[in-house]
Amino acid sequence: MNLKEKIRVIPDFPEPGIRFKDITTLLQDGQAFRYAIDRLAQYAKERNADLIAGPEARGFVLAAPLAYSMGAGFVPVRKAGKLPGETVTVSYDLEYGKDKLEIHRDAIKPGQRVVLADDLLATGGTIGSTIKLVEELGGVVAGVAFMIELTYLNGREILKDYDVFSLVQY
């Protein structure tokens, strides 16, 4: 199945010159969504993942059904202030400012193999921060999986020490 055909490209969103890759059209197609999750699950199974972690919010859309399909646990990585328990936090740079991500301190046990899943690899800032959180808790990042990779933004360079998989490349 050609997943690229299922992704809508919206010109000039969120600003002029950007060609936004909209996965909602793929998610609305049950067969395409199942195919994508099955491919990601195969990748995660090959890495013997104990847990699947995904950053808020679109990472949840892939990581939760991926974990479910494997019978693995799902670990949400949230924006600061959204988790009720004790957390660890990492700050990272955005194009115009900073942001923070958090994970529950007890979400990952030392040595657990974790595959990270997100919708898009662009510059690698969000997933790089997610990696820091997983490793701070003693988790082993067994792989990093994406629906889409924007190769021209060189996000793989930040992730060069990790196994990276993407279903669709632009």
### Message
Suppose we filter the stretch 1-33 for residues that are part of a helix (DSSP H, G or I) and more than 26 Å from residue 162 (Cβ to Cβ); how many remain?
### Response
7
#### Entry: Sole residue being within 11 Å of the chain's Cα centre (by Cα) and not charged (D, E, K, R), chosen from 88, 168, 115
115
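Give the residue, chosen from 36, 67, 44, that is crowded, with 17+ Cβ neighbours inside 10 Å, part of a helix (DSSP H, G or I) and in contact with a Phe, Trp or Tyr (Cβ under 7 Å, 6 or more places away or on another chain). Write out each step before concluding.
Details: 36 fails: in contact with a Phe, Trp or Tyr (Cβ under 7 Å, 6 or more places away or on another chain); 44 fails: in contact with a Phe, Trp or Tyr (Cβ under 7 Å, 6 or more places away or on another chain).
Selected residue: 67, the only one of 36, 67, 44 that is crowded, with 17+ Cβ neighbours inside 10 Å, part of a helix (DSSP H, G or I) and in contact with a Phe, Trp or Tyr (Cβ under 7 Å, 6 or more places away or on another chain).
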### Test: residue in the stretch 126-148 that is under 22 Å from residue 36 (Cα atoms), of a type in the set (D, E, K, R) and out of contact with any Cys (no Cβ under 9 Å at 6 or more places or on another chain)
no
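Just the residues that are hydrophobic (A, V, I, L, M, F, W, C) and over 17 Å from the mean Cα position of the chain (by Cα), please, taken from the stretch 21-44. Working first, answer last.
Taking the stretch 21-44 as the starting set, the residues that turn out to be hydrophobic (A, V, I, L, M, F, W, C) are 23, 26-27, 32-33, 36-37, 40-41, 44.
The one that is hydrophobic (A, V, I, L, M, F, W, C) and over 17 Å from the mean Cα position of the chain (by Cα): 32.
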### Task
Those residues that are in contact (Cβ under 8 Å) with a residue 12 or more places away in the chain and among the polar types (S, T, N, Q), I need them from the stretch 1-46; list them, please.
24, 25, 31
### Query
Just checking, how many residues over the stretch 127-170 are among the β-branched types (Val, Ile, Thr) and either in contact with a Ser or Thr (Cβ under 6 Å, 6 or more places away or on another chain) or assigned to a helix (DSSP H, G or I) (or both)?
6
### Every residue from the stretch 93-111 that is part of a strand (DSSP E or B), of a type outside the set (A, V, I, L, M) and closer than 26 Å to residue 50 by Cα
100, 102, 104
### Message
Regarding the stretch 124-141, can at least one residue be identified that is surrounded by 14 or more Cβ atoms within 10 Å (Cβ to Cβ), at pLDDT 95 or above, within 14 Å of the chain's Cα centre (by Cα) and among the charged types (D, E, K, R)?
### Response
yes
### Task
Please state which of the following conditions residue 14 fails to meet, knowing it meets all the rest: (1) at pLDDT below 95; (2) of a type outside the set (Phe, Trp, Tyr); (3) touching a Leu at 6+ places or on another chain (Cβ under 9 Å).
(3)
### Message
Show the residue pairs meeting these rules: Cβ distance below 6 Å; 6+ apart or different chains; first residue within the stretch 60-86 and farther than 21 Å from residue 46 by Cα and touching a residue at least 40 places away in the same chain (Cβ under 8 Å); second residue of a type in the set (S, T, N, Q) and in a helix (DSSP H, G or I).
### Response
77/130
### Query
What number of residues within the stretch 1-44 are charged (D, E, K, R), touching a strand residue (DSSP E or B) at 6+ places or on another chain (Cβ under 9 Å) and within 30 Å of residue 104 (Cα to Cα)?
2
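The values are calculated or read from the model by the stated rules, or taken from the named source; none is laboratory data. The structure presented is a predicted model; accordingly, all values stated were derived computationally and were not measured. Don't worry about glycine lacking a Cβ; one is built from the backbone with ideal geometry, like all the others, and counts go over all protein chains shown.
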